[in-house]
Structure formats: C-alpha cells, structure tokens
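A.B. asks: First the structure, then my questions, so here it is.
The values are calculated or read from the model by the stated rules, or taken from the named source; none is laboratory data. Predicted, not measured: the structure shown is a model, and the values here were computed from it. All Cβ positions, glycine included, derive from the backbone under ideal geometry; neighbour counts span all protein chains shown. Keep in mind that these areas ignore ligands, DNA and RNA; they rest on the heavy atoms of the full protein, side chains included. Shrake-Rupley method; radii C 1.70, N 1.55, O 1.52, S 1.80 Å.
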Amino acid sequence: HESPIRELNVTDCGISNISALKDVSLPNLTHLQLSSNNIGLDGCKTLSKWLRTTNTDELRTLHLQNGQINDGGAKILSLALSGNTALTDLYLTDNTIESRGRAAFLNLVCNMTNIENVFKSNHTLQYIHLDELTSPSRSNEFLQQALDINRSFHGDASAVCLAKVNAFHKKEMAVLQNENKEKGERIEELIAENTILKAAAAAEKSEDESAKTTTPNDSHRELEDLRAQNKTLSEHNTTMEKKFQYLSEAVDSISLVTTQNMSIERKLLDEIVELKAITAELNAENEDLMTENQQLIDLLSERDADLARIRDNPRTPIGYTAESNDDEDDDDFWDDMSHYTTSTSES
C-alpha cells in the first residue's frame, strides 16, 4: 500500500536522529521540510541512503536549512543526488558549507573531467540555496552558472551539456589568459626596474660594491623565475586551447548525431502511425471475412443436414409431412430439388 503523503513538514522538532527515515517509503512525496533540526553528518548519510534506495521520483523540494551541515555533509548529499532526476530545489542556508562543499555541488551539476561525465552530471537541479561567502569563490561562481544553464535548458539534456561545455571551457580559458596577462605585466615591470637599477649601479660611485650589485642580482633572479612561470603558463594555455578545440569538435559531432537521431525518430514515428492505420484496415477486413465465412459455414451446415435427410429417404422431400403430401406439391418439390442440386454442385 503506497503512502498518499505529498508534503511532510517536521521543522524545528528537536530531531537529532533521522535513521528511521531509511525504512520509510514515500513514493508520492513532493516536498520534505527538515529545517532547524540537528541533521549533521550522520543525518546526511541517512538522507543519502534514503534518496538512493527508495522511490523518491516525485520529490521536488528538500529543505535542510539550519541543519548543522558542513562541507562533509554537503559532499555526501552531492553524491546521493548524482543520479537523481526529480529534485529541483535544495535549501541549505544557515549551515557551514564553504568552498569544498560548493565544489562538490559544482561537480554534481557539471563534472568537467571529460565529455562523458558532463553528460552524466545532474541536469535537473535548478536551485541550491546557500549562504553568501565572505570572499569570492570560483567554484561558487561556476556553480551558479551551471544552475542557470539547468534552468534555461530544463528537459533538454543534450542542449544542457553543450551549453555547459562551452561556458565552462570559455571561462577557464579567460581565467588562464588573465593570469598569463598579469604575469606578463609583472615581468615587464621587473624588466623596467632591473634596467633602472643597472643604470643607477653603473653611474653610482660607491665603495660598497656588494651593495651596488645585490639588488640588481635579486631582481634578475626574480625576473628569471617569472619568465619561467610565464613560459609554463603559455604552454598550459596552448594545451588548454588544443583541448578546447577538441571539445568543440566533439560538441559539433554530438550535435550532428543528436540531429540525425531526432530525424530517424520522426521517420520511425511516421511509419508506426502508418502501420497502425494499415493494421486497423486489415483488422476490419478480417472481421468482415470472418463474418462472411461464418455465414457460409452456417449455410453449408444447413445443406449438409438436407442432404443427409435425402440420403436416408431419397423420395421424401425436405420438410415433408403427411398432411402436405399431394401430387402437385411433389412435382413442385422435385423441381426445387433439381434446381438445388445444380446450385450445390456449382458451389
């Protein structure tokens, strides 16, 4: 017997152990409110098992505000929701979820390790309500962008994946290019400073030669280190550009395959409709033939019964009785029988 409960609200009930939830089946539940209870790490584990092992296909909203949940609990919840295609709103304000927890949720909605994992990411979750961070976080920024994409392309997994690949690789390229630009500007500043220091050292007449050369040498070493870092960043930037080109080609291939699949699916649907119409016509014709066949069978059965009576008494007409026996009737009868025998032979 399925539970008819669609909304369950146990806000601020002093609950510190929700282990009983794992044994409860609520297949029709759409909203679960557990705010202001001591959920903690153990409660997140229980929720994770419940979400993964019971039927929660109707659950759309989960409230866990002020639930003593930290980054560890957030990671457990993110793993539990990896295969969930129902939940759209997750409320986690007034908890202690920092950068690591937000990174776990980012990996949930957009796993950028490869194209396959992007497709396996959660494309249903539209809102994860979290507290504002005291300092900017790239993970948090990317997370909000991924959720925006889920909302914009809700229901179209292919479009969501393509949008995520394009958005996040462009973002990553922009960040790397900005870092590389900052390093280049710093190198130019150090080159200018080094030039000034060398000119001052050459012009200045001082007895302490070590004092004259220490600063330029230190600047020179810093300059070489930065040049090495800049080279590394340039190589990494080149690698990322090649990777982005590869991903763009893969995205184009996926788009082409998706378009072809949709075309084939439309053709198959048209053929199915046509086949259903033909089947309906054939069924109607078959019913008509079966009716005619039954009529023929009934007619032949009557003829067989008449012939059997004729064989038993060749001179006794069909339907003959003593009261109807006169010469005129006999003549009419044998005329009818002659016509009947001819019709039976033709049949």
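A.B. asks: Assuming Glu132 fulfils every condition listed in (1) surrounded by fewer than 17 Cβ atoms within 10 Å (Cβ to Cβ); (2) touching a helix residue (DSSP H, G or I) at 6+ places or on another chain (Cβ under 7 Å) apart from one, which condition is it?
C.D. replies: Here Glu132 clears every test but (2).
A.B. asks: Now, a different point. Assuming Cys161 fulfils every condition listed in (1) of a type outside the set (S, T, N, Q); (2) over 30 Å from Leu41 (Cβ atoms); (3) surrounded by fewer than 20 Cβ atoms within 10 Å (Cβ to Cβ) apart from one, which condition is it?
C.D. replies: (3)
A.B. asks: Then there is this: Select from segment 1-37 the residues that are small (Gly, Ala, Ser) and touching a residue at least 12 places away in the same chain (Cβ under 8 Å) and write down the one among them that is most open to solvent (accessible area, probe 1.4 Å).
C.D. replies: Only one residue tops the list, namely Ser16.
A.B. asks: Go through (1) within 17 Å of Leu108 (Cβ to Cβ); (2) open to solvent by less than 20 Å² (accessible area, probe 1.4 Å); (3) touching an Asp or Glu at 6+ places or on another chain (Cβ under 9 Å) one by one and return the number of the condition Ser48 breaks.
C.D. replies: Unmet for Ser48, out of (1) within 17 Å of Leu108 (Cβ to Cβ); (2) open to solvent by less than 20 Å² (accessible area, probe 1.4 Å); (3) touching an Asp or Glu at 6+ places or on another chain (Cβ under 9 Å): (3).
A.B. asks: When you scan segment 126-147, do you find a residue that is closer than 20 Å to Thr61 by Cα, in a helix (DSSP H, G or I) and over 17 Å from the mean Cα position of the chain (by Cα), even just one?
C.D. replies: At the first step, the residues of segment 126-147 found to be closer than 20 Å to Thr61 by Cα are 126-131, 143-144, 146-147.
Now drop any that are not in a helix (DSSP H, G or I), which leaves 143-144, 146-147.
Keeping just the survivors that are over 17 Å from the mean Cα position of the chain (by Cα) gives 143-144.
Checked against the condition, which is being closer than 20 Å to Thr61 by Cα, in a helix (DSSP H, G or I) and over 17 Å from the mean Cα position of the chain (by Cα), segment 126-147 yields at least one hit.
A.B. asks: Based on this model, can you work out whether Asn55 counts as touching a Lys or Arg at 6+ places or on another chain (Cβ under 9 Å), surrounded by fewer than 19 Cβ atoms within 10 Å (Cβ to Cβ) and touching a residue at least 12 places away in the same chain (Cβ under 8 Å)?
C.D. replies: The answer is no for Asn55.
A.B. asks: Now a separate question. Condition test on Thr46, is it assigned to a loop (DSSP other than H, G, I, E, B) and of a type in the set (Ser, Thr, Tyr)?
C.D. replies: So Thr46 does not fit the description; no.
A.B. asks: Residues being open to solvent by less than 10 Å² (accessible area, probe 1.4 Å), under 14 Å from Leu147 (Cα atoms) and not basic (Lys, Arg): count how many of those fall in segment 82-107.
C.D. replies: Matching residues across segment 82-107 total 3.
A.B. asks: Let me ask something else about it. Does Cys110 count as of a type outside the set (Gly, Ala, Ser), open to solvent by less than 30 Å² (accessible area, probe 1.4 Å) and over 22 Å from Leu92 (Cβ atoms)?
C.D. replies: So Cys110 fails the test.
A.B. asks: Name every residue in segment 113-129 that is open to solvent by 50 Å² or more (accessible area, probe 1.4 Å) and either modelled with pLDDT under 90 or of a type in the set (Lys, Arg) (or both), in order of residue number.
C.D. replies: Selection gives Thr113, Asn114, Glu116, Phe119, Lys120.
A.B. asks: If you don't mind, another one. Which residues, taken from segment 135-150, are in contact with a strand residue (DSSP E or B) (Cβ under 8 Å, 6 or more places away or on another chain) and either open to solvent by 30 Å² or more (accessible area, probe 1.4 Å) or farther than 24 Å from Asp94 by Cα (or both)?
C.D. replies: Correct list: empty.
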